[in-house]
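Bear in mind these aren't lab numbers, they're just calculated from the coordinates by the rules spelled out. What you see is a predicted model, and the numbers here were worked out from it, not measured in a lab. We place every Cβ from the backbone using ideal geometry, glycine too, and count neighbours over all the protein chains shown.
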Amino acid sequence: MICLLTLPPVPLELKSPLSFRTRAQQQQHSHPFSQTLRSHTVPHKTLTGGGTATTTVANVALSEHNDLNAAEEDEPLPAELNEELMPNHVAVIMDGNGRWAKQRGLPTSAGHQAGSRSLRELVEICCKWGIRVLTVFAFSYDNWIRPKVEVDFLMNLFEREIKSQMQKFVSEGIRISVIGDSSKLPQSLQKLISEAEEKTKDNSRFQLIVAASYSGKYDIVQACKSLACKVKDGVIQLEDISESLVEQELETNCTEYPYPDLLIRTSGELRVSNFLLWQLAYTEFFFVKELWPDFGKAEFVEALISFQQRQRRYGARLS
Amino acid sequence: MGPIPNHIAFIMDGNRRYAKKQGMEEGAGHKAGFLALMKILCYCYELGVKYLTVYAFSIENFKRKPEEVQCLMDLMLEKIGELLKEESVVNQYGIRLYFIGNLKLLSEPVRVAAEKAMAATAKNTKTVLLICVAYTSYDEIVHAVQESCKDKRNEIEALYASKVSNGVTEGVEEGENINGTIEHDVQGSCESSLSKSQALNTTIACNGVIRVEKKKGVILHAVQGSCEDKWDEVMSRTSNGVTEGVADSKKKQWMHPTIKLVDIEKNMYMGVAPDPDILIRTSGENRLSNFLLWQTTNCPLYSPSALWPEIGLWHLIWAVLNFQQSHYYFEKKRKQL
C-alpha cells in the first residue's frame, strides 16, 4: 500500500500540473514537463484588432478579405528556421472551431468560417516555404454523428472553398487530393472534388490533401480488402503481404510523401483521433493550446522550430 | 474524482541517456530501466489499473549495435527468470504476462523463456502486463491482415463446400440493400475489373460482395466470389442471362464474407487487452515510434521530459488526473450528442 506520508517531493516541473504553462514559465526550468503544450504570450490573431468582445460574423468576412490581400506579398523563411531541415510533409488536425465560436458567443458556423481562413493562410505559407505536402483533417468519419445543421454547413463550406480557391490552385501549381469515404459526401461535392482533382492532378509545386469523411482505421481496412482482392486474383500470394504493399494501398498513395514528418494538433487535445494511423508511425507530434482559428504564422513557426530541434532515430541509435 | 484508467501504456525511452548522464557503463541504463518498470508496475496496480503495456524492444531496435542487442536479450532472459520466482511481483499482484510481438524474431532461449512465462501465468486474473518485444505496429497490422485474409478464404471454402454438397445454389438472404453494401465495400481496383463485360466468368472477387450492374439493358449478377475457381463456375451457372430485377435478386443472393474492421482487430496481437486509456512516453520525445498505432488513436499521449529510469509516482498521478479531467469533458460531450 502506498503510504502517503512518505511520498517523494513533487518535482519542480510538475508544480502546476493541471495548468498550461506560459512559455516564460517553461523557460525557467531546464526540462519542461511537456515541451509542446504551451499557452502563448504571442498576440493572438484578433479579428477586428480590438479583442474578442466586438467579434461578429460580418467582421470575420471583412478581415478574411483583408488577409487574402496581405498574403499575396512575399514571405521569406524566418531567420530561426533552417531551410534544409524543413519538413516535406506536414499534417494538421484543425481542432477547436466550435470552442472558438462558443467563446465569442457566435454560432459554430462562424468558427468553421474562421477556421477555413486559417487553412488558407497555412496553405499560402507552406507553398512559399517549400513544404511539399500538407494534409489536413477536415472531417472525420466519426464526425457524421454531429448535428445535421453543422454537418450540412461544413459540406457547403467545403464546396464554397474549393470553388473559390480553384483558380488559385491552378495558377499556383497546387494539386488538391481528397481522401476518405467520399460516398457519404453530398453528390454535388463528390462531383466537385472529382473535377478539382482532375484539373490539378499534374500540378507539382505543392499538394494539399484534405481528409474528409476519413478514418485511419478504415484506410487500413480498405487497404486490406484491396490486398485480399489481389490474393484472390492470384496477383500476389498471401505471404507476399508486407508493409510496403500495405503502404501502397493506403489512400495516401496519391502522394510522393505519404508519411507526415510533423503533425500539429490545435486546441490542446493530445491525441490522434483516428487521423492518419499507419502514416504517423514516426511522425513528430506538436500539440498546441491555441484553437484552430487562432493558429497562424507565429504558431506554425514555433512548431517548425521544435521540429527542427528533434533527433529522429527511427528505432536505431545516433552514436 | 473520476475513474481510474483501465489500461496504461508506456514507451520506456531514455535508458541510454540516463546511463550517460549518471556516468554509468552502457547496459546499466537498461538495468535501471527495469527497476523503474517494477516501481511503476506497483504504483499502477496499487492505483487500480488493470492492464499495463510497455514497449520493451522494437523490431527497428535490431538495427542497433549487436553488443547492445545482446545485452538487452540477456537482460530480458534474466528478468523473465526472476519474474517467475515465487516471491516476485507477478505473484504479489496476480499478473498475467503476455509477450506481444513477432516472437519468431527472438533468439531461441528468449522466445522459449517468454512462452514459458506466458504459460506459467496464464491462470492469473487480477492484473495483466503486456510486454512488447520484437514489436512494431506495422508488423502487427500486416500479420492481422494476413490472418484475416486466411480466415475469410477458409470461410468461403467452407461455405462453398456445404452449399455444393447440399446441391443448392441459393445463398443466404441478407436483407440489406445490396447497392448500399457495394458502395461501401467495393473498392477501386475491383470495381474497374467488374465493369468489364466478361465479369461473370473472370476470377473477380472482392471479398464476396454481390455486384448488381446494368449492362446493355440486362441486369447481370456479377458475383464476387471465393478464391476457388469452382466458385466462379457455380456462380456463372446461376447468373447467366439473368434478367431478374433487384427485388427478386434479393432472394437468390450469395452472401460472401467480407473483411471488416472487427476481423482485423480480432487478429491483432494486442487483441487480448482493451485499448489503452493513456499513453506515456518518457524522455520528452513526442512521437509514437510504431507503437500501438491502431490502439492509441483515441488516447492521449503524455510526454514527460524525465528519462525512463527517472519516472516517478508524480508523473503517473499527473497523467491520471489529466485523464480524469478530459474523461469528464468527453463524457459530458457524449451526453450532449
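What is the Cα centroid distance between region B:273-293 and region A:275-319, reported in whole angstrom? Here the two parts' Cα centres lie 15 Å apart.
Which of the three applies to region A:180-251, rounded, prolate or oblate, going by the alpha-carbon gyration tensor with a ≥ b ≥ c and a/c under 1.5 meaning rounded? Taking the square roots of the gyration eigenvalues as a ≥ b ≥ c, region A:180-251 is prolate. Pairwise Cα separations in region A:151-207 fall into 5 Å bins from 0 onward with the following percentages, short to long: 4, 20, 31, 24, 14, 7, 1. Rg over Rh for region A:148-267 works out to 1.02, using Cα positions for both radii and the Kirkwood form for Rh. For region B:1-110, the Kirkwood estimate of hydrodynamic radius, built from reciprocal distances between every pair of different alpha carbons, is 15.4 Å.
Across every pair of non-identical alpha carbons in region B:43-166, the mean reciprocal distance, once inverted, gives a Kirkwood radius of 16.7 Å. Each principal axis of the Cα cloud of region A:86-171 was taken in turn, and the coordinate range along them, longest first, works out to 37, 27, 26 Å. Taking amide H positions as modeled 1.01 Å from N, with prolines and chain starts lacking one, the residues under 5 Å from residue A:262 and 5 or more places away or on another chain are A:89, A:91, A:284.
With each label modelled as a point 7 angstrom along the Cα→C-beta vector, the residue B:125-residue B:22 pair spans 3.9 nm.
Between the amide H of residue A:178 and those of A:210, distances stay under 5 Å, these residues lying 5 or more places away or on another chain, with hydrogens modeled in the peptide plane. Across region A:275-319 the C-alpha pair distances fall into 10 Å bins from zero in the proportions 22, 42, 30, 6, 0 percent. Using the scaling law 2.2 N^0.38 Å as the reference, what is the normalised Cα Rg of region A:66-222? Compactness ratio reported: 1.07. A simple spin-label model places the labels of residue A:248 and residue A:164 4.2 nm from each other, with each point 7 Å out along Cα-to-Cβ. Rounded to a whole number, what is D in µm²/s for region A:220-274 from Stokes-Einstein with the Kirkwood radius over alpha-carbon pairs (25 °C, 0.890 mPa s)? Roughly 185 µm²/s, to the nearest whole number.
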